[in-house]
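One structure is given here, and the rest of the page talks about it.
The values are calculated or read from the model by the stated rules, or taken from the named source; none is laboratory data. Since we're looking at a predicted model, the values are computed, not measured. Every residue, glycine among them, receives a Cβ derived from its backbone with ideal geometry; neighbour counts consider all protein chains shown.
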Amino acid sequence: MKNILSNKYFKFAAQIAYILAGCVVMGIAYNCFFAPNSITPTGFMGLSTIITTLLARADIVFSPSIIYLCINVILFLIALKFFGWRFGILTVIGILGFTVATEFIVIPELISSEPLLAVFVGGAMNGVGCGIVMRAGGSTGGSDIVAIILNKYFPNMKTGTCSFIISAIVVILSMIVNGVALGLYAIIGIFLSGKALDLVLDGSKSVRAFYIICDKDKEVAERILQTFHRGVTRIDVEGAFSNKEKKMLLCLVTNQQAPAMKSIIKEVDPNSFVFSTTVRETLGESFFLREASVRKNKIRNATSSLKLSARYNRKTDIKKTKFKLARRNKLRYIDVKFYTEKALEAI
């Protein structure tokens, strides 16, 4: 069983299964909550919905999922021209899975006609589905592909910046096409999707900082090291009222490990003074800090194949340019040498 779970083909199949499951959740959010209430979702699906609305007013009927697929196919072919077939297998699966889900998966019992309820439930489900896809290292295309294409010409353009610009365009167009009220619902949906995405990607691994002022600092630190295998920082402190010197321990653990941390402190030194706080960001090169920055890592992994291709092709372009310049300079040198010899012969 262990050999099967460690098999790379099994892992790849599991990735595909997770991506398709996330696409199904996003499809249900769109078909059961967003579409029935004319609420525009975020990203390129939102743009597709707006285009569908404008076409419907001209008596041209198109499915938003088909428009979404066409936009992504065009973007994918452009990216394919730049980066080759090495990039984005999981992205293709994500695009196709999301298109099929939004086209065919509808659960009539879940359809809600209340806009406020729809935007809350739909926004949360959309974020959860997107988070599942990203946790599996996949992507549903759209802004990721645009960011990679732009990154070729503008290396400082980040994926987050591109997503923000697209979301802003979607909200503005939604207000113009559907009215201010539905545009505000779209803002709420985008906000909730982002929060749900955060929860799926790094909610279970968010970090708590424990500050422990105690007398038995060595015993507490030893138990923490043995239990969690985390680093502990010992700080010299002094009470302003008692003027007594004590030690304060600082240790970062995940939310899941917080109850065990409290039990250890209570068991080893019941008289200690403890307070904890949620850590919003960690910077550094240690394993724990990299592990704690889950959302950043997951989003990075979700487009890792695209970024590798971008980097590879950029390096290839640089090598080609250097070769061309070297060849051109060599030809110039040969031309100068040739004409110099001819001039000397003429003299």
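Worth pointing out:
- When restricted to residues that are under 20 Å from I165 (Cα atoms) and at pLDDT 85 or above, region 68-83 contains 4.
- Just so you know, in region 140-161 the residues that are in contact with a helix residue (DSSP H, G or I) (Cβ under 6 Å, 6 or more places away or on another chain) and within 19 Å of L192 (Cα to Cα) include one that is modelled with the lowest pLDDT, and it is S143.
- The single condition from (1) exposed (fewer than 12 other Cβ atoms within 10 Å of the Cβ); (2) modelled with pLDDT of 85 or more that F34 fails is (1).
- Inspection of region 91-100 identifies at least one residue that is in contact with a Cys (Cβ under 6 Å, 6 or more places away or on another chain) and either in a loop (DSSP other than H, G, I, E, B) or on the phi < 0 side of the Ramachandran plot (or both).
- Residue pairs whose Cβ atoms lie under 6 Å apart, separated by 6 or more positions or on different chains, with the first residue in region 99-126 and more than 25 Å from G141 (Cα to Cα) and the second small (G, A, S) and in a helix (DSSP H, G or I), are S112/A118.
- One residue from A58, A101 being of a type outside the set (S, T, N, Q) and modelled with pLDDT of 90 or more: A101
- Residue match in region 225-248 (condition: assigned to a loop (DSSP other than H, G, I, E, B) and touching a residue at least 24 places away in the same chain (Cβ under 8 Å)): yes
- Some residue of region 76-92 being touching a helix residue (DSSP H, G or I) at 6+ places or on another chain (Cβ under 6 Å) and within 12 Å of T140 (Cα to Cα): yes
- Failed criterion for N243 (all others in (1) on the phi < 0 side of the Ramachandran plot; (2) in the same structural domain as F275 (by TED's automatic domain parsing) hold): (1)
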